[in-house]
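The values are calculated or read from the model by the stated rules, or taken from the named source; none is laboratory data. None of the values given here were measured: they were computed from a predicted structure. FYI the Cβ positions are ideal-geometry reconstructions off the backbone, even for glycines, and counts take in every protein chain you see.
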């Protein structure tokens, strides 16, 4: 099962331009856009996943006798939950990549993929989340400068950064919920999201 998860994640990364770093590198050196990549990547994923499962069954010959019973009610996601997921994804990506590059990649991508969610809310949350990178020197210039001083070991930055990230994440989640609620008010009353936020 664990091999299946790992291999499926590898194959699934082929599907979109941002699914795997090599995809973005290839697109940066060609004229391929996000939609162009989807036209190639998604069919490859659809073809490769069954082949991967078949190959794993042949090599491992699992004894599948149990049944998985669903527990509880199915999860229903609203816009606020999707915004929180975007925050988590942006924070995770920016820990291993430049926050500037992460924002430049994610903001137009998420706005294009989620037209039903207010674009200003997406842009603001992704920008804030990508600036909340505290774990590794590579994430932001201040991290790199402090680490380059030789006074802060990477382990200390990682430990401290985990605590800071854990403290800030609930605030970003609360902001996601607020922006979603305010965006709903804008949709009902008309006007701009920024105006609704600052005048309430």
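Below are the figures for this structure:
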| read-out | value |
| --- | --- |
| Test for residue 19: is it surrounded by 13 or more Cβ atoms within 10 Å (Cβ to Cβ), touching a helix residue (DSSP H, G or I) at 6+ places or on another chain (Cβ under 7 Å), part of a loop (DSSP other than H, G, I, E, B) and modelled with pLDDT under 80 | yes |
| Number of the exception - residue 31 against (1) part of a loop (DSSP other than H, G, I, E, B); (2) modelled with pLDDT under 75 | (2) |
| Any hit, the stretch 184-200, residues being surrounded by 11 or more Cβ atoms within 10 Å (Cβ to Cβ), modelled with pLDDT of 80 or more and in a helix (DSSP H, G or I) | no |
| The stretch 74-83: number of residues that are in contact (Cβ under 8 Å) with a residue 40 or more places away in the chain and within 13 Å of the chain's Cα centre (by Cα) | 1 |
